[in-house]
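Only one structure is covered here, and it is reproduced in the block below.
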Amino acid sequence: MPEAPFVHLHVHSEYSILDGACRIPELAKRAAELDMPAVSLTDHGSLAGAVDLYKAARKEGVKPVLGCEVYVTDDRHAQQKGQAHLTLLAETTEGYGNLIKLSSLGYLEGYYYKPRVDWQLLEQYGKGLIALSGCLSGRVCKALEESRTTDAEAELDRLTTIFGRDSVYVEMQNAHLDIQQRINPLLADLAAKRGLPLVATGDVHYLRHEDARAHEALLCIQSGDSLKNPNHWKFETDHFYFKTPEEMAADFPGHDEALRRTLEVAERCHVEIELDRILLPHFPTPDGRDAFEYLVELCEKGAEKRYGTITPEHRERLRFELKTIKEMGFSDYFLIVADFVGFAKRNGISVGPGRGSAAGSLVAYCLEITDLDPIRYDLLFERFLNPGRKSMPDMDIDFAVEGRERVINYVREKYGRDRVAQIITFGTMAARAAVRDAGRVLEVPYGISSTRPASRTAARAAIVEKVMICATRSRPYFSVT
């Protein structure tokens, strides 16, 4: 079967929190089913789903196009509303890195209701990116909607100045909205006048047409509203789904080139993410000694401190663990963790005794990373590190709230700020919470919505089940490991 003459370049997954309803594995499968050679992800202000799409798309034999629909404001430091949407796609691996910087700085420096970036940041981190002029919430479309053609031209000129004329496309969408029918011809004329290519995209928020009602319920969960409220927030049409190339062609008659140009954009995007590399800073050992030799020395001293008399059982267990750590290349890792845990203890910052599988490590106990004796409690080291399965060790360390920031700053200063990162953790809705929210937006009593689908009306049962599938992401919170 020949490749489809269109690929989606504007797609929102569940990482557009309580707004997008495309599950990433299903998204990649759907693109493969439609014989699309590529598929993009452009979540609102976030790259949280980028790696998931990268892996899922490659598994399905589809090219991943990594992007983001950023929120643009004139001054990211100003606490005022009024941001616009701009679609950015990573053309190169460097561009993907710049997109990461834009997303991060949007949260760290520009967050005001939304993670915002401004023109200064776009100029600084615009290399390797392709810009599509945006949806109806973009500055170009908004200017045309308000009959400000000169301003629309100026916005396009600003984009070409920042990203380069070869990396800016005029974006046109058709979700069967009246305003789009009015401004799409204007967008085509504007692209021709400024000598810029026109590209057709779908503003995808859910996977299939029949998911529109479930997506509407998802929006009600976000806004705390009910489907029975005639004024509840919803999209004006049910055409925000992952359309087939044939459906897109029907939506854009006479614009075959704008549809085919999506393939051109996708072909330009080449991003490689090295997922299998383990990147760890080197521990600065005294006198530049070998990290493993230094680790052995510390463990022997620690074992004497912990036990006084070291038994053959202790020695054999230490030998096995140290051999495994050396073979897996994690000597520096243990030294680094022991270093900042030691810093905390020396500075009166309370540290937890240890939890999770790391408590099964005698090396961690001898280094005073943990305070639970794995020999006494017969804990298995293999649950923590297994020679047959190479993966990063995961040590959960608990620090007192009032001292936690000091530990983070110590690590940043010693190992370099460019080698320390805070990670995002997404808390997902459990089944009970999903059922409760689905029942609330449907105004179905919890006692009914939580029963088996057969005991509900067929229509409501279907919606509850769909919402349980879609509404599985809560607001993100941040943690450091």
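In the chain, a dipole from Cβ-located charges (positive for Lys and Arg, negative for Asp and Glu) runs towards its positive end, and of 47, 280, 124 it is 280 whose Cα lies farthest in that direction.
Aspartates and glutamates within cross-link reach of residue 101: Cα-Cα under 20 Å, excluding same-chain residues under 8 positions apart? Excluding near neighbours in sequence, the set is 43, 52, 69, 74, 75, 91, 109, 118, 123, 272, 274, 418. Within a straight-line Cα-Cα reach of under 20 Å, residue 414 can be paired with the following lysines, leaving aside sequence neighbours fewer than 8 residues apart in one chain: 345. Sites listed here are trypsin sites (Lys or Arg not before Pro) in the range 133-232 whose DSSP assignment is loop and whose Cβ has at most 15 other Cβ atoms within 10 Å: 148, 208, 228.
In the chain, the DSSP-assigned H stretches of four residues or longer account for a calculated mean residue ellipticity at 222 nm of -13500 deg cm²/dmol, using -39500 (n - 2.57) per stretch and the full residue count as denominator. What size of dipole, in debye to the nearest 20, comes out for the chain about its Cα centre when the only charges are +1 on Lys and Arg C-beta atoms and -1 on Asp and Glu C-beta atoms? Roughly 1220 debye, rounded to the nearest 20.
Seen from residue 176, the other residues with C-beta closer than 9 Å to its C-beta sum to a net charge of -4, counting Lys and Arg as +1 and Asp and Glu as -1.
Take the Cα of residue 275, step 7 Å toward its Cβ, do the same at residue 307, and the gap between the two points is 4.1 nm. In terms of packing, defined here as the mean over residues of other Cβ atoms within 10 angstrom, the peptides 372-378, 151-157, 238-244 line up highest first as 238-244, 151-157, 372-378.
Local charge for residue 115 was computed over the other residues whose Cβ lies under 10 Å away, with Lys and Arg +1 and Asp and Glu -1, and equals +2.
Estimated from the Cβ-Cβ distance and a Förster radius of 22 angstrom, the FRET efficiency linking residue 127 and residue 147 is about 0.05. Between the residues 164, 21, 329, the greatest Cα displacement towards the positive end of the dipole of the chain, with unit charges on the Cβ of Lys, Arg, Asp and Glu, is found for 329.
Counting only DSSP beta bridges with both residues in the chain, what percent are antiparallel, rounded to the nearest 5? Around 55 percent antiparallel, to the nearest 5. Loop-located chymotrypsin sites (Phe, Trp or Tyr not before Pro) in the range 116-184 (DSSP state other than H, G, I, E, B) with a sparse environment of at most 16 neighbouring Cβ atoms within 10 Å are absent.
Using only side-chain charges placed at the Cβ, +1 for Lys and Arg and -1 for Asp and Glu, the dipole size of the range 286-415 relative to its Cα centre rounds to 80 debye. For the pair the range 140-203 / the range 220-266, the C-alpha centres are spaced 17 Å from each other. Magnitude of the charge dipole for the range 146-275, about its Cα centre and with charges confined to Cβ atoms of Lys, Arg (+1) and Asp, Glu (-1), is about 200 debye. Ordering 287-297, 418-428, 62-72 by mean Cβ neighbour count within 10 Å, with the highest value first, yields 62-72, 287-297, 418-428. In the range 1-151, the DSSP beta bridges split such that about 60 percent are antiparallel, to the nearest 5.
Most tightly packed first, judged by the mean number of other beta-carbon atoms within 10 Å of their residues, the peptides 384-394, 106-116, 250-260 read 106-116, 250-260, 384-394.
Take the Cβ atoms of residue 421 and residue 377, set R0 to 35 Å, and the FRET efficiency comes out at 0.55.
Restricting the range 47-107 to trypsin sites (Lys or Arg not before Pro) that sit in a DSSP loop and have at most 11 other Cβ atoms within 10 Å of their own Cβ leaves 81. The local environment of residue 189, defined by Cβ-Cβ distances under 14 Å, has a net charge of +2 under the rule Lys, Arg +1 and Asp, Glu -1. Per 10 Å bin, what is the whole-percent P(r) computed from every C-alpha pair distance within the chain? Over the chain, the share of Cα pairs per 10 Å bin runs 4, 17, 23, 21, 17, 12, 5, 1, 0 percent.
We did not get these values from a lab; they are worked out from the coordinates using the rules stated. Here the structure is a predicted model, which means the values were calculated and not measured. Counting neighbours? That spans all protein chains shown, and the Cβs are built from the backbone with ideal geometry, glycine included.
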